[in-house]
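Here, each number is a calculation from the coordinates, and none is a lab measurement. Keep in mind that what you see is a predicted model, and the values were worked out from it rather than measured. Using ideal geometry, Cβ is built from the backbone for each residue, glycine included, and neighbour counts are taken over all protein chains shown.
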Amino acid sequence: MSRIGRMPIAVPAGVTVDIAENNKVTVKGPKGTLERVLPSEMSIDKDGDTITVSRPNDLKKMKSLHGLTRTLINNMVIGVTDGYQKVLEINGVGYRAVKQGNKLVLSLGYSHPVEMTDPEGLEVVVEDQNKIIVKGIDKEKVGQYAAEIREKRAPEPYKGKGIKYADEVIRRKVGKTGKK
């Protein structure tokens, strides 16, 4: 059995989970509502304040969908209760970020400022020009937008300049040495 797939999901107070036909799961909580259509082969059962996911057989595809389905539901429940956030840091001389309405303007050493419009349902906060916090209830959207911001100037290994995640460690390289 899938260790993750067979773990029950505890639904906290104030969160409602509705399972419609074709495994369309709707999770409502204090922070908002999330909807997702999950693989129809999996059977999702709700009894009281726990949700269990079970698979029909032990084919390789079913085994892989089992853990995935359970994790997606769990991420939705966590999202509507606590929410998700990714913290990015900007390193480099003259590199900075500014928030203008719903636009994030990045100065990253290019000849022009890079403008990014916030996706719907996400909140982007800029702290002291070199720290960007992406917040939201959908883990996938938060991670995707944070990755798109980082992609605008990924950190380089020599000086460590660029946009990196706060918990990311950049493997540094030694630069070239002069002639003797």
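Structure values in brief
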| item | result |
| --- | --- |
| Sorted by Cβ density within 10 Å, fewest first, the residues ARG150, ARG3, ARG36 | ARG3, ARG36, ARG150 |
| Partner aspartates and glutamates for LYS173 [C-alpha distance under 15 Å; skip if fewer than 8 residues away on the same chain] | GLU156 |
| Length-normalised contact order for the stretch 132-180 - Cα pairs under 8 Å, 6+ apart - percent | 23 |
| Förster-model FRET efficiency, 41 Å R0, VAL114 and ARG3, C-beta, rounded to 0.05 | 0.45 |
| Least to most buried among HIS66, HIS112 (fewest other Cβ within 10 Å first) | HIS112, HIS66 |
| Given 14 as the ceiling on other Cβ atoms within 10 Å, longest exposed-site-free region of the chain for GluC sites (Glu not before Pro) in DSSP loops | 1-119 |
| The chain, relative contact order in percent, only Cα pairs under 8 angstrom and at least six apart counted | 18 |
| Links that overshoot a 28 Å alpha carbon limit, given the list LYS63/LYS139; LYS99/LYS139; LYS31/LYS61; LYS61/LYS164; LYS24/LYS164; LYS31/LYS161 | LYS31/LYS61; LYS61/LYS164; LYS24/LYS164; LYS31/LYS161 |
| Cα-projected label distance for GLU35 with VAL87, points at 7 Å along beta-carbon direction, nm | 3.5 |
| In degrees, nearest ten, helix 139-151 long axis to first principal axis of the chain (Cα) | 20 |
| Cα-based shape type of the stretch 68-180, given that a ≥ b ≥ c are square roots of the gyration tensor eigenvalues and the cut on a/c is 1.5 | oblate |
| Nearest-ten-degree value, helix 60-81 long axis tilted from longest Cα axis of the chain | 70 |
